[in-house]
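Trainee: Below are the structure tokens for one structure; questions will follow.
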Amino acid sequence: MSDNDKTPEDTISDYESRLNDVLAEVEDPAVTDERASLELAGLEINRRDLMRTGVVAGAGAATGFAGSSLMTQSGHATSDDHFVEPGETDTYYGFWSGGHSGEVRVLGMPSMREIRRIPVFQRDGAVGYGHDEKTKQVLEEGGDMSSRHGLEWGDCHHPILSESGGDYDGKYLWINDKGGGRMARINLKYFETDAITDIPNMQACHGCSVQSPDTKYVYGVGEFREPVPNDGRNVDNPDKYWSTFTALNPESMDVEWQVRVSGNLDNADSGKNGRWAFATGYNKEAAFKVEGMTRDDRDYVKAFDVDAIESAIDSGNYRKVNGVKVLDGRKGSRLNSSGDPIVHYIPTPKSPHGCDVTPSGKYVTASGKLSPTVTIIDIEKIPKVDDPEDAIVGQPKVGQGPLHTTWDGRGHGYTTLFIDSKVTKWDIEEAVNAKKGSTKPVKGKVTVHYSPGHLQAAEAETTNPSGDWLVSLNKLSKDRFLPVGPIHPDNDQLIDISEDGTDKQGGMDLIADHPVHPEPHDCVIAHRDKINPKTTWEKSDYADEKPYVTPKDSEVNRTGDRSVHVKMSATRNQYGLRDFTVKEGDEVTITVTNIETTRDIIHGLAIPKHGINLAVAPQDTREVTFTADQPGVYWLYCTYFCSALHLEMRSRMIVEPRK
Ligand code: CUK
Ligand code: CUA
């Protein structure tokens, strides 16, 4: 029975048993004499890999490099290639989603050094996010999970960069929250989250993408279907369950419109000319019980015709639901039955997952997940063909468990194979010309460790990918690192793709392992020249909202019977007020400005007994309001080690008993 003839159930049980095999191979990591030298450790890793792939010998070519994390499998590239000398900086910024940690991480590439973490959906003491009034408000406006559900987290999967002219413009980065159905924006001027939108009519905002080439919209797609209204009444009626495709305004972060679809939505990408957006899905059956979701052996890639959607909105063919204009884009709906359907449904095999548009904008691909193929759709054909399936122009067989695809700009696609634990490289045009199901377009495979989800190549979302580095984001690390208890890190592996070799790996070389805190899904990699953050704040950015407090302006003002405004500057190594007095029960607002002009001199302001922890970067002002409910003496102190007299950087709040 060929893979293409299997029922979805066969495919899943086959995959489950193969995954069990992979897991069963785990050896307890142990330090033995043999592992005492790096070189031997490298050989041992190699031997195991080679046995798994059925390749023999060749391991001797591996070279040791102090500080490297592994030996290369084919022997030509070495880990020196990603080594960035002390004092040197990286070529690329990599923005990593942090999964259910609710944050975004910034890495330098190719060194893979983590440079910053940017909290998004959760408070973070390290940078005072969610502690000052401004960032508290960002969390609250985004439907603060702590007040709604007693939870404080998000599930970040897909970081996307703003574009101008089809290229990253370094203005914003957006990140979804699969957990809370939200979309957040990070302002790349300051690398800080500045907006979160709680999207109506959606549970689980999963795939996201910006409308190329000029970021007219930011798209978020709803993965879980939910009854609308979700009031507990229609739980067994599949017609009441919705999944929506959402377009947000990139500046206001308001929802511009939504399209309701049949089935659900999974991952998303946009065409390159502003007309199309795409999403995969895995529940064409529209089942609300998990067992039913893989019954059929086909699902749909949905192609959203943004021109047709905008004219339907302009003609008023929407319904307002929970404040949002919603178009009915279900199969067979009125808007889909005209000459210009708003959504085209293109049947693709078995629960396709990754949705990726080629750099030229000619094709959109769906990675098969439960099918060993990648389906290639010719975008221009979509509105022209009578049978939607005729827009499918290629379907190379790439291996088991294809999840996501990325590009090198030389005409190759790279697809992760979750089950095979490999990255496979294939030729786009050869795949279009080959018979469907052909393995000929595959140029090579490299083993990764283990079970990769996303992968991303440098600048791969632009029209001109760099084609030098690729990262495989592997879900399991198993035995690759020192054991750290039962929760293992993921393993992001750096692969050199700069050469098109004729070896089994198609020229790909595994260069480095990089352990990561749970649990990135995806990343986006931009050249350093395109990201230009400020290294201190600019006063003009908050001139209308907050004061700028100098040492001279530092003072306590009583603003009411029960309210006090404390203004103070912060500089090495003192606050503008050494002490101040308020009354028991006062609502106290503290406004603090860091008047330093030198980069990297940050001052904190913590009042632990009042739950306060601000971080104030040079030229920035932050504010916090709290109630001084207990009489006593409370020390304010600086949390950033800012100077030789950092420890002395304190102030004393005296709360007098109210008589
Ligand atoms: S999904 Cu995680 S591996 Cu959320 Cu992009 Cu495919
Ligand atoms: Cu200011 Cu430490």
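Laboratory data are not the source of any read-out in this text; all were calculated from the coordinates shown. Since the model is a prediction, treat every value here as computed from it, not as a measurement. Cβ coordinates were reconstructed from backbone atoms using ideal geometry, including for glycine residues, and neighbour counts include every protein chain displayed.
Trainee: Can you spot the aspartates and glutamates whose alpha carbon is less than 13 Å from K583's alpha carbon? Ignore those fewer than 8 places along the same chain.
Mentor: D561, D629, E656
Trainee: While we're on this one: Which of the listed residues, G99, L327, T502, is farthest toward the dipole's positive end in the chain, when Lys, Arg count +1 and Asp, Glu count -1 at the beta-carbon?
Mentor: It is L327.
Trainee: Could I ask something else about it? How compact is segment 539-656 by the rule of thumb for globular proteins, expressed as Cα Rg over 2.2 N^0.38 Å?
Mentor: With N residues counted in segment 539-656, Rg over 2.2 N^0.38 Å equals 1.00.
Trainee: Compute the Cα gyration tensor for segment 509-563, then decide on rounded, prolate or oblate, letting a ≥ b ≥ c be the square roots of its eigenvalues: rounded whenever a/c is under 1.5, prolate when a/b is larger than b/c in the other cases, and oblate in all that remain. Present the calculation step by step, with values, prior to reporting the outcome.
Mentor: Values: a/c = 4.02, a/b = 2.43, b/c = 1.65.
Cα axes put segment 509-563 in the prolate bin.
Trainee: When Lys and Arg each count +1 and Asp and Glu each count -1, what net charge do the other residues less than 10 Å away from N613, Cβ to Cβ, add up to?
Mentor: Net charge in that neighbourhood comes out at -1.
Trainee: Hey, got the Cα dimensions of the chain along the principal axes, in Å, largest first?
Mentor: Taking max minus min along each principal axis of the Cα atoms, the chain gives 86, 71, 43 Å.
Trainee: May I ask which of K369/K445; K6/K443; K362/K530; K302/K530; K272/K325; K397/K475 have a Cα-Cα span longer than 21 Å here?
Mentor: Distance filter (> 21 Å) returns K6/K443; K362/K530; K302/K530; K272/K325; K397/K475.
Trainee: Only sites in a loop by DSSP and with at most 14 other Cβ atoms within 10 Å count here; which trypsin sites (Lys or Arg not before Pro) in segment 418-487 make the cut?
Mentor: When the trypsin sites (Lys or Arg not before Pro) of segment 418-487 are filtered for loop state and at most 14 Cβ neighbours within 10 Å, K435 remain.
Trainee: Simple spin-label model, 7 Å along Cα-to-Cβ: R599 to N557 in nm?
Mentor: 3.5
Trainee: Moving on to the next point. With charges set only on the Cβ (+1 for Lys and Arg, -1 for Asp and Glu), what does the dipole of segment 539-656 come to about its Cα centre, in debye to the nearest 20? Write out the running numbers ahead of the final one.
Mentor: On the way: 14 positive and 17 negative charges, 63 e Å.
Using Cβ point charges on Lys, Arg, Asp and Glu, segment 539-656 gives about 300 debye.
Trainee: Based solely on its DSSP helices, what 222 nm [θ] is calculated for the chain when runs of n ≥ 4 H residues each add -39,500 (n - 2.57) and the sum is averaged over all residues, nearest 500 deg cm²/dmol?
Mentor: Dividing the helical sum by the residues of the chain leaves -3000 deg cm²/dmol.
Trainee: Give, in nm to one decimal, the length gained when the segment between S360 and I115 is fully stretched (0.36 nm per residue of separation minus the Cα-Cα distance).
Mentor: Extra length from S360 to I115 when fully extended: 85.0 nm.
Trainee: Can you give me the long-range amide H partners of G506? Hydrogens built in the peptide plane at 1.01 Å from N, cutoff under 5 Å, separation of 5 or more residues or another chain.
Mentor: Result for G506 returns K445.
Trainee: A further question on this structure: What are the residues whose amide H is under 5 Å from the amide H of D492, where those residues sit 5 or more places off or on another chain and H is modelled from the backbone?
Mentor: N474, H514, V516
Trainee: At a Förster distance of 41 Å, what's the computed FRET efficiency of E429 paired with T7, Cβ-Cβ distance as r, to 0.05?
Mentor: On the way: r = 32 Å, r/R0 = 0.79.
In this case the efficiency is close to 0.80.
Trainee: Determine the shape class of segment 300-352: with a ≥ b ≥ c the square roots of the Cα gyration tensor eigenvalues, call it rounded for a/c under 1.5, and otherwise prolate if a/b is greater than b/c, oblate otherwise.
Mentor: Prolate, because a/c is 1.5 or more and a/b exceeds b/c.
Trainee: Starting from segment 588-653, pick out the chymotrypsin sites (Phe, Trp or Tyr not before Pro) whose DSSP state is loop and whose Cβ has at most 15 other Cβ atoms within 10 Å.
Mentor: The qualifying sites are F641.
Trainee: For V235 paired with E140, estimate the spin-label separation in nm (one decimal), with each label point 7 Å from Cα along the Cα-to-Cβ line.
Mentor: Output for this residue pair reads 3.3 nm.
Trainee: Taking the Cα-to-Cβ direction at L645 and at Y15 and moving 7 Å from each Cα, how far apart do the two end points lie in nm?
Mentor: With each label placed 7 Å out from Cα toward Cβ, I get 6.4 nm.
Trainee: Ok, one more. Could you sort the peptides 233-239, 611-617, 551-557, 587-593 by per-residue average Cβ neighbour count (10 Å cutoff), highest mean leading?
Mentor: On the way: 233-239: 11.1, 611-617: 21.1, 551-557: 13.9, 587-593: 23.1.
Per-residue mean Cβ counts within 10 Å order the peptides as 587-593, 611-617, 551-557, 233-239.
Trainee: Please give me the summed charge of the neighbours of G507: other residues whose Cβ is under 9 Å from its Cβ, Lys and Arg +1, Asp and Glu -1. Provide the component values of the computation, followed by the final result.
Mentor: On the way: positive: K425, K443; negative: D496, E499, D500, D503, D509.
For residues surrounding G507, the net value is -3.
Trainee: Follow-up. Net charge within 13 Å of E555 by Cβ-Cβ distance, Lys/Arg positive one each and Asp/Glu negative one each, not counting E555 itself?
Mentor: So the environment of E555 carries a net charge of +2.
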